[in-house]
Amino acid sequence: MGIVIRGGSVVNADHTTRADVYCEEDKITAVGLDLEVPAGTEEIDAGGCLVMPGGIDPHTHMELPFMGTRVIDDFYTGTVAGATGGTTMIIDFVIPPKGGSLLEAVDTWQERAAKAATDFGFHMAITGWDERVAREMDEVTRERGINSYKFFMAYKNAIMVSDEELVAGFSRCREVGAIAAVHAEHGELVYHLQEEMLQRGITGPEGHPQSRPAAVEAEATARAIALADVLQVPLYVVHIGAREAAEAVTRARLRGQRVFGETLAGFLAVDDSVYYDQDWDFAAGHVMSPCFKPKGHPEALWRALQAGNLLTVGTDHCTFTKEQKRMGLEDFTKIPNGCGGVEDRMSVVWELGVNSGRITANEFVAVTSANAARIFNVYPRKGVVRVGSDADLVVFDAQKSKTISARNHYQQNDFNVFEGLEVQGVAVHTISAGRHIWADGEVRAERGAGRFVPRAPYGPAYAGMDRRMVMNAPRRVERKG
Ligand code: URQ
Ligand code: ZN
Ligand code: ZN
């Protein structure tokens with residue numbers, strides 16, 4: 001039985017038009033006015049609403065074992081929460097243990113993600129370097145549908161990699177046709193500042209931002225950009241929170257370098273004053289890395305987004321309960337790092353971006369869906385409402401309001417960084433691969449219905465890049481005598 005969405009305005013990244021949308025199985029099969037559909041077709045009234053490509057969150061960590069505990073949202077609860085907010089695909093991170101096998105880690109994440117309610121993809125994290133990692137990257141890219149590799153420049157004594165490993169890993173990304181991604185913070189400096197905080201007796205959450213000033217993000221971002229430029233590999237900088245990091249990306253793009261910047265819905269809405277709140281749980285609930293930055297940085301991130309210098313808005317969804325966060329009650333460096341966002345991302349970006357006049361509805365689709373699909377090589381399967389694309393759609397009511405709260409959100413944590421934020425613009429219907437899984441307040445998601453979306457290596461535009469190396473340079477030999 002098909003689904004027809006009637007009476008809405010279809011909003012893609014490049015244009016808006018009044019049209020009905022008809023889906024059969026998992027594909028969009030017709031887009032047009034007053035569509036004729038077979039009897040028995042499910043009709044969704046989108047009158048007065050927008051019909052947009054389902055959101056793609058390029059940065060999540062469902063059920064990740066991390067810092068001695070485990071993310072409370074699993075692939076089912078996390079994708080259901082996302083679907084209630086209009087997100088129909090997540091790209092999660094396979095994070096092997098240091099020295100572990102990439103291929104074994106992929107198998108582990110595939111098992112975990114089998115319960116997902118919407119489609120998903122994977123980035124691969126590089127947490128160490130050896131001959132096996134280099135060898136397995138070829139198979140992970142060619143055979144396992146993963147074309148992006150995240151290198152952690154932070155988390156010393158855990159998953160942080162050295163410059164030597166960055167250089168080797170970036171080079172390998174170019175060889176296998178993959179994009180390099182970085183968690184760009186200067187891990188040694190962060191560690192040094194953390195130790196300094198603790199020695200001074202600063203053990204509360206306020207020690208977190210003071211050990212991660214914007215400079216630690218700016219330096220690492222600029223360093224990663226320089227390495228990627230010399231090694232001729234495209235670069236995706238994840239979770240940019242600092243103005244200076246966004247500026248580094250902007251400068252690189254002005255030079256024509258293939259650098260893509262991601263920011264987070266949280267970084268666009270929240271500043272570092274949260275860490276100085278008297279309520280420990282509230283302050284600790286915002287501990288994530290990079291951290292929320294001082295006033296002024298969120299506006300700078302918006303300007304970079306408006307200018308097209310930052311291209312995607314993710315969430316870094318990595319939820320922990322207050323109880324879990326209290327593991328760091330005596331020492332802020334032990335507070336599990338991570339916050340939520342997969343549920344509220346679309347409404348938050350609509351409220352603060354479109355309703356404020358910062359970005360248009362088309363640009364909203366670009367930064368919440370289409371750009372991620374393009375960068376990670378799944379466009380136009382994903383990221384656009386058009387015939388032949390996946391039937392991943394959100395019926396978005398730009399007139400409907402809600403107040404975000406942990407009291408009624410679908411995420412499993414008992415905390416929400418957007419607590420109390422009133423947003424106008426909510427997902428009222430979500431279609432995932434042709435299944436109507438969110439119906440105006442009713443969850444109809446099926447556990448395990450989500451599919452892995454393989455992402456092919458890049459074409460010659462990326463992987464075929466030849467390093468500008470001079471070979472057999474003509475040289476003069478002075479002949480003696
Ligand atoms: O660094 C990340 O992206 C992961 C480990 C989630 N934690 C976080 O605080 N962002
Ligand atoms: Zn990270
Ligand atoms: Zn992350």
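The range 1-34 and the range 310-384 have Cα centres separated by 26 Å.
Oblate is the label for the chain. Its Cα gyration tensor axes, ordered a ≥ b ≥ c, give a/c of at least 1.5 and b/c at or above a/b. Counting lysine pairs in the chain that sit 8 or more residues apart in sequence, or on different chains, and whose Cα atoms lie under 16 Å apart gives 6. Net charge in the neighbourhood of Ser162 (other residues with Cβ under 11 Å of its Cβ; Lys, Arg +1, Asp, Glu -1) is -3.
Suppose accessible area is computed on protein heavy atoms with a 1.4 Å probe; arrange Glu195, Glu217 from highest to lowest. Let's see the in-between values first.
Details: Glu195 70, Glu217 5 Å².
Output order, biggest surface exposure first: Glu195, Glu217.
Subtracting the Cα-Cα distance of Val477 and Leu33 from their residue separation scaled by 0.36 nm leaves 152.3 nm.
Distance from the Cα centroid of the range 63-133 to that of the range 428-450 is 21 Å (rounded to whole angstrom). With K and R counted +1 and D and E -1, the other residues having a Cβ less than 12 Å from that of Gly121 yield a net charge of +2.
Counting pairs of alpha carbon atoms under 8 Å apart in space and at least six apart in sequence, what relative contact order in percent does the chain give?
Details: 1184 pairs, mean separation 108.0, N = 481.
Rounded, it is 22 percent for the chain.
Neighbours of Asp281 by Cβ distance under 12 Å: Lys/Arg scored +1, Asp/Glu scored -1, total -2.
Could you give the accessible area per residue of the chain, probe 1.4 Å, as a whole number in Å²? Please list the in-between numbers first.
Values: 18140 Å² over 481 residues.
Ligands and nucleic acids excluded, the result is 38 Å² per residue.
Going through the DSSP H helices of the chain, which span 30 Å or more along their own axis at the Cα atoms while scoring at least 0.0 as a mean Kyte-Doolittle hydropathy?
Values: long enough: none.
Span-like helices, by this rule, are absent here.
Rounded to the nearest 20, the size of the Cβ-charge dipole of the chain about its Cα centre is 1820 debye, with Lys and Arg at +1 and Asp and Glu at -1.
At a Förster distance of 51 Å, what's the computed FRET efficiency of Asn355 paired with Arg132, Cβ-Cβ distance as r, to 0.05?
Between Asn355 and Arg132 the formula returns 0.55.
Secondary-structure-derived ellipticity at 222 nm for the chain, considering helices only, amounts to -7500 deg cm²/dmol, per-run term -39500 (n - 2.57) for DSSP H runs with n ≥ 4. Given their separation in residues at 0.36 nm each and the Cα-Cα distance between them, Glu42 and Arg251 gain 70.3 nm when the chain is fully extended.
The values are calculated or read from the model by the stated rules, or taken from the named source; none is laboratory data. Note that this is a predicted model, so its numbers are computed, not measured. With ideal geometry, Cβ positions are generated from the backbone for all residues, glycine too; neighbour counts draw on all protein chains shown. For the accessible areas, the whole protein counts, side chains as well, though only heavy atoms, and no ligand, DNA or RNA atoms are used. Shrake-Rupley method; radii C 1.70, N 1.55, O 1.52, S 1.80 Å.
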